[in-house]
Amino acid sequence: MKRLILFAMLLVTLRVEAAPRVLVLKSYHDNLTALLDAYRISYIVKRASVVAGDSSLSGFDAVFIPCGVEQPIEASIQVIAHGQRIQGVALKDDYAGIDYKRLQALLQDFVKSGGRLYAAGYSYKFVEALGCSLSFFNNFPHYGTSGKIQSFLNDDFASFVMRQDLQLDVNYNGWVALQQTNATILAKGYFPTVGGQREGPVAFFKKYGNGVVYYSAFHSNEDSLYMRYFILQTAYGMLVDELLQKAWYWGQSIALSVVDTFKADEYARRYTCTLPRGSVTIYLPSTYPVQVDIFAHKKLLGSWDSGFINEISLYNPTTQDVTVNVYQCNRAPYKPFALVIAQGRRILPYMPVVRVSMGVIAVIALLGLTWKRMHPRKFTGKRRYWFRDGHILHKQK
């Protein structure tokens with residue numbers, strides 16, 4: 001009986017990490033679900049036409065829109081023939097067009113409320129409805145041709161892949177080649193098009209309301225660090241958001257933010273970043289114990305275990321490039337974790353200071369308004385004179 005009570009108390013104290021609720025729109029030539037299966041991410045697949053008929057997407061944390069979610073008309077044509085004569089052509093009964101206006105409205109509400117969305121390739125229309133302005137070469141989206149994309153990575157994407165450049169192979173014509181976007185570019189590239197070599201964004205992200213939108217013109221069914229980044233950022237982004245909120249609470253700038261997992265054959269993960277000079281805070285995951293080692297020029301700067309502490313403060317004497325190694329403390333493959341490294345002193349919480357400052361400004365404004373009402377300005381009139389031929393005809397106060 002005593003053991004049963006202790007076991008029940010342990011269950012109450014343990015924090016249970018719920019699996020993400022993931023929706024995947026059915027694709028007719030992009031097998032994204034194979035990668036979700038590879039990372040043990042559970043999901044629900046629905047046709048885009050069916051999702052457009054739903055009342056809300058609030059039951060999901062992440063939505064994946066692979067390339068090619070529109071049902072091809074040529075694959076849905078039914079030919080009625082008798083002998084060698086065609087008697088009629090009609091669409092099959094299972095064909096359903098997409099109500100884009102309705103579906104885009106659902107996605108807007110979903111992302112504004114804090115959801116995460118990933119779209120690829122031909123699904124660029126959906127991110128355009130989420131605040132992403134896109135332009136194309138000669139106003140034609142399907143301008144890319146088969147060949148190699150020489151891409152250059154930025155920010156956390158480069159830290160995750162551990163390199164600044166990456167060669168991507170595209171084996172089909174008509175892929176979406178972007179010229180410009182108003183979003184934050186994660187990867188830009190030089191790529192072959194109908195009009196020759198061109199330069200433009202390959203992948204980007206944009207905040208929309210309380211959520212985030214990711215898009216990649218390139219996509220692949222093969223597991224790679226490129227695809228791994230977008231899958232885990234979209235499915236498990238809420239984990240890194242929790243740590244980012246801690247850094248933003250203190251008004252710190254972000255040097256590295258990562259959400260990742262360990263596959264069955266992986267015992268460690270590695271990332272690179274530039275560690276800024278000054279006070280640095282490392283925010284470790286609280287739901288999954290990991291060991292974090294930071295090296296600079298093969299010299300160990302520090303080693304910490306999140307099973308004992310979740311926030312580490314240190315002083316970095318000089319700006320330097322570092323390698324961050326993350327190891328499993330307990331063997332639990334495919335369990336996600338997040339890591340954030342932030343720079344800045346934690347003297348006063350940023351948000352409380354902002355709120356107090358706004359309160360002080362409001363009080364000062366109220367006092368000023370009250371003073372004006374209690375002490376209205378008194379106007380004094382001046383004497384007015386009317387003259388004719390140098391003589392005063394009339395005077396008025």
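Is one or more of the residues making up the range 198-220 of a type outside the set (D, E, K, R), assigned to a helix (DSSP H, G or I) and touching a residue at least 40 places away in the same chain (Cβ under 8 Å)? Looking through the range 198-220, none of the residues is of a type outside the set (D, E, K, R), assigned to a helix (DSSP H, G or I) and touching a residue at least 40 places away in the same chain (Cβ under 8 Å). For the range 195-242, give me each residue that is within 14 Å of GLN179 (Cα to Cα) and of a type in the set (Lys, Arg). Result: ARG198, single match. Mind listing just one residue for me: the one in the range 52-68 that is in contact with a helix residue (DSSP H, G or I) (Cβ under 6 Å, 6 or more places away or on another chain) and outside any loop (DSSP other than H, G, I, E, B) and, of those, surrounded by the fewest Cβ atoms within 10 Å (Cβ to Cβ)? Per the criteria, the residue is ALA62.
Applying the condition of being assigned to a strand (DSSP E or B) and hydrophobic (A, V, I, L, M, F, W, C) to the range 236-270 and asking which residue is nearest to ASN325 (Cα to Cα) yields ALA268.
Number of residues in the range 305-334 that are free of Cβ contacts under 8 Å to residues at least 12 places away in the same chain and closer than 12 Å to PRO285 by Cα equals 1. When LYS148 is tested against (1) outside any strand (DSSP E or B); (2) at pLDDT 95 or above; (3) among the basic types (Lys, Arg), exactly one condition is not met: (1). Restricting the range 305-331 to residues that are of a type in the set (A, V, I, L, M, F, W, C) and surrounded by fewer than 18 Cβ atoms within 10 Å (Cβ to Cβ), which is modelled with the lowest pLDDT? In this case the residue turns out to be PHE308.
Pick out the one residue from LEU225, LEU244 that is assigned by TED's automatic domain parsing to the domain that holds ASP165, under 19 Å from the mean Cα position of the chain (by Cα) and surrounded by fewer than 20 Cβ atoms within 10 Å (Cβ to Cβ). Unique residue meeting the criteria: LEU225.
Is there a residue being touching an Asp or Glu at 6+ places or on another chain (Cβ under 8 Å), over 22 Å from TYR28 (Cβ atoms), in a helix (DSSP H, G or I) and at pLDDT 95 or above anywhere in the range 153-164? Within the range 153-164, one or more residues are touching an Asp or Glu at 6+ places or on another chain (Cβ under 8 Å), over 22 Å from TYR28 (Cβ atoms), in a helix (DSSP H, G or I) and at pLDDT 95 or above. Every condition in (1) out of contact with any Gly (no Cβ under 9 Å at 6 or more places or on another chain); (2) within 30 Å of TYR122 (Cβ to Cβ); (3) not assigned by TED's automatic domain parsing to the domain that holds ALA203 holds for VAL259 except the one numbered (1). Residues in the range 19-51 that are in contact (Cβ under 8 Å) with a residue 40 or more places away in the chain, on the phi < 0 side of the Ramachandran plot and in a loop (DSSP other than H, G, I, E, B): PRO20, ARG21, LYS26, SER27, TYR28, ASP30, ASN31, LEU32, TYR39, ILE41, ARG47. Flag not set for LEU106, criterion: surrounded by 15 or more Cβ atoms within 10 Å (Cβ to Cβ), within 23 Å of the chain's Cα centre (by Cα) and part of a loop (DSSP other than H, G, I, E, B). One residue is enough: does the range 184-195 have a residue meeting the conditions within 17 Å of VAL259 (Cβ to Cβ) and surrounded by 18 or more Cβ atoms within 10 Å (Cβ to Cβ)? Yes, the range 184-195 contains a residue that is within 17 Å of VAL259 (Cβ to Cβ) and surrounded by 18 or more Cβ atoms within 10 Å (Cβ to Cβ).
Can you say whether GLY302 is surrounded by fewer than 16 Cβ atoms within 10 Å (Cβ to Cβ), among the small types (Gly, Ala, Ser), touching a residue at least 12 places away in the same chain (Cβ under 8 Å) and assigned to a strand (DSSP E or B), as far as the supplied structure shows? Yes: the conditions hold for GLY302. Can you confirm whether the range 285-296 contains a residue that is under 22 Å from PHE157 (Cβ atoms), in a loop (DSSP other than H, G, I, E, B), modelled with pLDDT under 90 and in contact with a Ser or Thr (Cβ under 7 Å, 6 or more places away or on another chain)? Yes. Screening THR318 with (1) assigned to a loop (DSSP other than H, G, I, E, B); (2) not assigned by TED's automatic domain parsing to the domain that holds LYS246 gives one miss only, at (2). Residues in the range 109-145 that are among the basic types (Lys, Arg) and loosely packed, with under 15 Cβ neighbours inside 10 Å: LYS112 alone. Considering only residues of the range 192-225 that are among the hydroxyl-bearing types (Ser, Thr, Tyr) and in contact with a helix residue (DSSP H, G or I) (Cβ under 7 Å, 6 or more places away or on another chain), which is farthest from GLU311 (Cα to Cα)? This residue is THR193. For the range 240-250, the count of residues that are within 29 Å of VAL22 (Cα to Cα) and modelled with pLDDT of 95 or more is zero.
The values are calculated or read from the model by the stated rules, or taken from the named source; none is laboratory data. Keep in mind it's a predicted model, so treat the numbers as computed, not measured. Methodologically, a virtual Cβ is constructed for each residue, glycine included, from the backbone with ideal geometry; neighbour enumeration extends over all protein chains shown.
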